[in-house]
Structures are given as structure tokens and as C-alpha cells.
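Enquirer: Questions regarding the structure given below will be posed in turn.
The values are calculated or read from the model by the stated rules, or taken from the named source; none is laboratory data. Note that the coordinates shown come from a computational prediction; the quantities given were computed from them, not determined experimentally. Quick reminder, even Gly has a Cβ in these numbers, built from the backbone with ideal geometry, and neighbours come from all protein chains shown. These area figures cover heavy atoms from the full protein model, side chains too; ligands, DNA and RNA do not enter into them. Shrake-Rupley method; radii C 1.70, N 1.55, O 1.52, S 1.80 Å.
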Amino acid sequence: MKTILFVAIAGLLLIHSAIADYGDALDKTLLFFEAQRSGKLPASQQVKWRGDSGLKDGFLQGVDLVGGYYDAGDHVKFGLPMAFSVTMLAWGTIHNRKEISELDQLGNTLRAIKWGSDYFIKAHTQPNVLWAQLFTFADRYRGLYDDSIPCAKQFYTSSGYSDELLWAATWLYRATGDEYYLKYVAENAEYMGGTGWAMKEFSWDNKYAGVQILLSKILMEGQAGRYTNTLKQYQAKANYFACACVQKNGGYNVQLTPGGLMYVREWNNLQYASSAAFLLAVYSDYLSTANAKITCPNGQVQHQELMNFAKSQADYILGKNPKYISYLVGYGSKYPAQVHHRGSSIASIYSLHSIVGCVQGFETWYRRSQGNPNVIYGALVGGPDQNDNFSDERSNYEQTEPTLTAAAPLIGLFTKLQSIYKPTGYLHPSQSSNIQQYSLSSTSKQEKTTYKQQPENPIEFLHSITSSWTVGQTTHYRHKVVVKNTSQKTITDLKLGIQNLSGSIYGLIPSDEKNVYELPEWQKVMNPGSELIFVYVQDGPQAKVSVLSYH
């Protein structure tokens with residue numbers, strides 16, 4: 001048995017190689033998009049506590065506006081942030097198509113994109129009418145969207161439309177190859193701020209950095225043609241953003257919290273960290289493909305340094321932070337319980353069997369001191385303040401409310417990191433301000449336990465302990481369970497009961513019933529002789545695994 005010693009000083013955690021399970025985080029983030037669906041839910045819906053909603057949207061106006069996504073914790077659909085979110089989903093999928101396919105999540109991701117795209121197609125009811133973005137219309141009739149939709153101003157105020165026009169034209173060139181759009185971004189580069197604005201954020205409201213990095217790709221691929229000089233100016237601004245993130249921008253850097261999180265503003269700050277992390281992961285790949293590096297005021301930066309920054313933000317989100325808490329709900333053993341989200345904080349109609357009105361929802365459920373009855377897996381909450389402080393209170397909407405715009409970049413980010421690091425799990429120990437010694441032990445001999453269910457049951461479990469580590473006086477064990485179909489028939493809809501589980505579990509989907517787990521969507525069918533694996537962390541005796549039902 002080999003022992004590696006780790007030291008945690010002043011809240012810095014180094015344990016289990018500090019590698020998170022990005023695949024598990026990806027699985028859960030995709031579930032959040034199901035939880036945010038508006039409209040008639042499909043039979044394949046995995047988030048069972050949600051029901052149909054907004055089935056009469058547009059009825060009074062004589063149009064069908066059913067569908068789309070709710071933007072955050074309340075039942076409101078905002079077009080501008082929803083469009084950004086769907087674009088981020090699509091960008092992450094286009095860029096990482098091979099990797100996301102290998103993770104068996106391409107289907108779920110495409111369905112998430114389609115759910116939003118179908119809504120926007122519906123909303124474009126006439127050539128010059130968009131209920132809430134066609135490029136020609138937006139370019140011809142320029143103006144702030146919230147001037148046309150005043151009720152959106154207090155929630156998602158637009159700071160300008162020039163970045164959106166450049167953003168749209170860049171993506172249209174990427175999709176069509178039509179030089180008209182490349183000419184557009186070149187000729188409007190200065191007037192619309194594309195080569196003038198040097199940014200330290202990337203978000204639903206400020207897309208300049210995204211435009212600049214997309215155009216840098218075109219430049220490095222040698223496709224800029226007669227617009228090469230202009231695209232070089234775009235790339236100079238892309239490099240400004242990258243240099244600011246990695247703290248090599250001659251003092252004009254992004255602000256970092258003491259724990260290393262990118263900090264932009266108080267309300268829902270993690271959306272800026274997730275977007276920047278995704279963007280730098282993409283730019284890292286662009287630079288790597290082109291065998292290029294960037295020159296910052298404080299020295300040259302290789303592509304790997306950008307990926308390291310992206311990883312640092314993802315790891316902070318997943319628990320490598322001074323609070324040792326995962327800000328992605330449902331990931332790890334410690335995460336926000338009082339999420340500011342109406343659907344999550346009120347018991348499902350399927351369990352209450354009655355409708356909860358607005359007043360009752362506020363008086364009875366919003367003010368409860370207990371955690372939410374429905375765990376909204378994959379929701380990325382607003383996150384901590386500039387000093388890494390976080391208060392898990394439902395009324396603290398600036399820190400506990402999740403948003404689509406924060407979650408969408410995580411699909412591409414987690415996919416990329418999983419493909420690079422292929423981790424096996426991450427431990428979230430309890431916080432301690434003292435100097436502690438951690439020992440991580442790798443067992444050279446696995447303790448295997450094989451047990452079968454009743455003779456008529458075709459499922460066999462192979463249970464093994466693959467590693468162990470000690471935190472203070474407590475020893476944690478990583479258990480691996482191989483589930484095998486020993487019959488000659490195909491098995492579907494397998495449900496497992498897992499009792500006496502005290503830690504995190506990876507590879508299964510929790511159902512609405514306590515201690516009942518289902519197989520992931522892509523593993524619902526077990527052919528004869530097939531196997532699947534799930535893993536859990538336990539600091540006591542192994543959990544009891546049993547078959548509850550199957551078809």
C-alpha cells in the first residue's frame with residue numbers, strides 16, 4: 001500500500017489529485033435544462049417532479065408561443081439570455097462533437113438545443129416579427145430589444161446591440177461560408193466596437209470577446225483573405241481578454257477572489273466564470289491547432305495556460321474552493337440546499353396532488369428553513385462573493401438563484417475537461433481552518449465481493465474497493481460496482497435500491513423515491529451479457545445494493 005501525504009493550509013485543498021468528475025458534472029448539468037423546460041413535456045422527461053406549464057403562452061395574441069426555457073428561478077422566458085444559452089450549447093457541441101459523442105451525451109445535448117431552437121422558430125411568426133432575431137431585420141431596424149419589450153428592462157437590460165450584430169454575422173459566416181458576413185464584421189469592426197472594445201468579461205449581454213475569439217480562429221486558419229489586417233485587430237482584443245484572465249495583462253487583469261474565482265459582479269457571478277472558462281478552453285484549442293501562442297504584457301502564454309485557467313474555474317465550481325462546497329447542485333456530497341427556484345422549492349404536484357398558488361408558495365414554501373424538496377440537479381447557483389463567502393439561503397437570490405446562461409457554457413467546458421483528464425471522482429471533505437494531514441492510499445489488492453440476487457433474478461453484482469484515503473481520523477473508500485446481465489434476455493428500466501449510502505454516487509440517476517436509482521438514459525437497455533459500472537464513496541461499511549424492478 002502506497003501512501004501520499006497532502007497538506008491543507010488556510011483552506012487550500014489538495015486531495016485525490018484535485019481532479020473532479022467532469023463526466024458526472026456534465027450529466028447533471030444536462031438535467032438542469034430539462035428542469036427549465038416550458039411547455040408540454042415529452043415522455044422521455046427525466047426530471048420527474050416537473051410538469052407541463054405555459055401551455056397557453058401566446059394564446060391571447062393569437063400565436064403559439066408554447067415551449068422554450070425559463071431563464072432562472074421563476075417562470076419567465078426571456079429571449080435574449082435564452083438565445084445566448086442555446087448558442088453556447090450549440091458552440092460547445094460543435095467544438096466538442098467527438099468528445100461529447102464518446103460520452104454518450106450527444107443525443108441529450110441536441111435535444112436541449114432543439115428545445116430552445118424550436119421555440120425561436122415559433123416566435124418568428126412573420127418575416128419582420130419576432131416575439132420577444134433574424135439578422136437582416138435586426139440590422140435594418142437597429143435598437144435595444146428592451147425598448148420594444150419594456151418589461152424585460154428591469155431583469156435583462158441590454159447595454160447595446162452592436163456586439164449582437166457582429167456575433168450574428170460571425171456565426172452566419174461560420175455556418176454558410178458566405179463572404180457577405182465576413183465583409184460585414186470587417187467593415188463594421190471599428191464602428192461597432194469589435195476592434196475597439198477590449199473586454200474582461202463574456203456574457204449574454206457582452207459578446208465581444210466571443211466574437212473576437214471566433215474571428216481569431218478564421219484568421220489562424222488562413223481564411224481571412226483581404227480582411228486579414230482587420231481580423232488581426234480582432235485577435236489583439238481576443239488576446240487582451242485571455243491575458244487578463246491569466247493575470248498577465250500588465251495590471252489590467254480580471255479580478256480573482258482569494259480562492260481563485262473570476263469575479264465580475266455581485267449578482268450571479270458564476271455565470272461570468274463559466275462563460276470565460278468555456279471561452280478560454282475553446283481558444284486554447286484554436287491556438288493548439290494553429291501551433292500558435294499569444295504575447296501578453298507580462299510574457300508569452302502557451303495554449304495550455306489558457307486550459308489551466310479554464311480548469312481552475314471548473315474545479316472551483318465543483319468544490320475546490322475555501323468553502324469546500326460544490327456550486328453545481330447535486331454534484332458531490334455538499335452543495336446548496338436552499339436554491340432560489342420556485343419549482344425546486346415547492347413540493348411537486350405529483351406528491352401534493354394539489355395546486356400551490358402564488359401566496360401559498362411564498363408563505364408556506366419560500367420561507368421554510370429546510371432544504372428544497374426537489375433537488376434541481378445540475379443547477380449552477382450564483383455563487384460566492386468577492387471574498388469567497390456564500391450564504392445558502394433561499395432569499396439570497398444573488399447567490400442561490402441558478403440561470404440558463406450560467407449553465408449553458410458548462411456543457412462544452414465539462415466535455416472538454418473530461419476528455420483531457422478522464423478523472424474518476426472528487427472528494428469533498430468538511431472544511432477546517434487548521435493545518436491537517438491527508439493520506440491517500442491506493443490499494444494494491446482489491447477486496448472483491450460477488451453476490452447474486454434470488455435465483456430468478458438475472459442481475460449479478462461484482463463489488464470491489466478500488467482505493468481509500470484518510471482525512472483526519474476518517475478513512476474513505478471508493479467502491480466500484482459492476483452490474484451484469486447474466487440472462488439470455490434483454491433487460492430494460494432496471495431500478496436499484498441502495499441502502500446505507502453515506503457519500504457521493506456516480507453513474508446512476510437518483511429517482512424521486514428515496515434510495516432508488518435508475519440507469520442513465522443511454523444505458524437503459526442491457527443486452528444479454530452486458531455490463532455497466534457505477535461508483536460511490538463511503539466512510540463506513542459498503543452499501544447494500546439490490547434489484548427492485550426491471551422489464
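Enquirer: Starting from the Cα-Cα distance between Asn298 and Asn457, subtract it from 0.36 nm times their residue separation and give me the gain in nm to one decimal.
Expert: 50.8 nm
Enquirer: While we're looking at this one, here's another question. Counting other Cβ atoms within 10 Å, keep those with at most 13, restrict to DSSP loop, and tell me which trypsin sites (Lys or Arg not before Pro) in the range 215-277 are left.
Expert: Working: sites: Lys217, Arg226, Lys232, Lys237, Lys248, Arg265; in loops: Lys248, Arg265.
Answer in residue order: Arg265.
Enquirer: What is the sum of charges, Lys and Arg at +1 and Asp and Glu at -1, for the other residues whose Cβ falls under 14 Å from the Cβ of Asp52?
Expert: Net charge in that neighbourhood comes out at +3.
Enquirer: Output wanted: per-residue J couplings in Hz (rounded whole) for the range 537-551, from phi through Karplus 6.51 cos²θ - 1.76 cosθ + 1.60, θ = phi - 60°, x for Gly and Pro.
Expert: Taking θ as phi minus 60°, the curve returns 10, 9, 10, x, x, 5, 5, 8, 10, 9, 8, 9, 6, 6, 10 Hz for the range 537-551.
Enquirer: For the full complex of protein chains and a 1.4 angstrom probe, list Glu221, Glu398, Glu190 by accessible area with the highest value first.
Expert: Descending accessible area places them as Glu190, Glu221, Glu398.
Enquirer: Go ahead and run the numbers for FRET between Arg226 and Asn291, Cβ-Cβ distance against an R0 of 30 Å, rounding to 0.05.
Expert: Details: r = 24 Å, r/R0 = 0.81.
Taking R0 as 30 Å, the efficiency between Arg226 and Asn291 is 0.80.
Enquirer: Could you compute how much accessible surface Tyr161 exposes when probed at 1.4 Å, giving the result in Å² to the nearest 10?
Expert: Rounded to the nearest 10, the figure is 80 Å².
Enquirer: List the extent of the Cα atoms of the range 230-362 along each of their three principal axes, largest first, rounded to whole Å.
Expert: Computed over the Cα atoms, the extents are 61, 34, 27 Å.
Enquirer: At 0.36 nm per residue, minus the direct Cα-Cα distance, what do Ser546 and Ala175 gain on full extension? Give it in nm, one decimal, please.
Expert: Separation in residues times 0.36 nm, less the Cα-Cα distance, equals 128.6 nm.
Enquirer: Considering only Cα-Cα distances, which of the following residue pairs are longer than 31 Å: Lys323/Lys514; Lys40/Lys217; Lys114/Lys311; Lys48/Lys484; Lys114/Lys207?
Expert: Over 31 Å Cα-Cα: Lys40/Lys217.
Enquirer: Still on this structure, I have one more. Using a Förster radius of 35 Å, what is the FRET efficiency between Gln360 and Thr475 based on their Cβ-Cβ separation? Nearest 0.05, please.
Expert: 0.15
Enquirer: Could you run the Karplus curve 6.51 cos²θ - 1.76 cosθ + 1.60 with θ = phi - 60° over the range 307-315 and give me ³J(HN,Hα) per residue in whole Hz, x for Gly and Pro?
Expert: Ordered by residue, 3J(HN,Hα) equals 5, 4, 5, 4, 5, 4, 6, 5, 5 Hz.
Enquirer: Just report the Cα centroid separation between the range 501-551 and the range 184-239, whole Å.
Expert: Going from one Cα centre to the other spans 47 Å.
Enquirer: While we're here: Test of the criteria: in the range 25-71, which trypsin sites (Lys or Arg not before Pro) are in a DSSP loop and have at most 15 other Cβ atoms within 10 angstrom of their Cβ?
Expert: Here the sparse-neighbourhood loop sites are Lys40, Lys48, Lys56.
Enquirer: Could you give the dipole magnitude of the range 286-407 about its Cα centre, charging the beta-carbon of Lys and Arg +1 and that of Asp and Glu -1, in debye to the nearest 20?
Expert: Numbers: 9 positive and 9 negative charges, 46 e Å.
Roughly 220 debye, rounded to the nearest 20.
Enquirer: Tell me, in nm to one decimal, what length is gained between His353 and Lys524 on full extension, where the rule is 0.36 nm per residue of separation less the Cα-Cα distance?
Expert: Roughly 58.7 nm would be gained on extension.
Enquirer: Please work out the FRET efficiency for the pair Glu102 and Trp267, using the Cβ-Cβ distance as r and a Förster radius of 25 Å; give the result to the nearest 0.05.
Expert: 0.10
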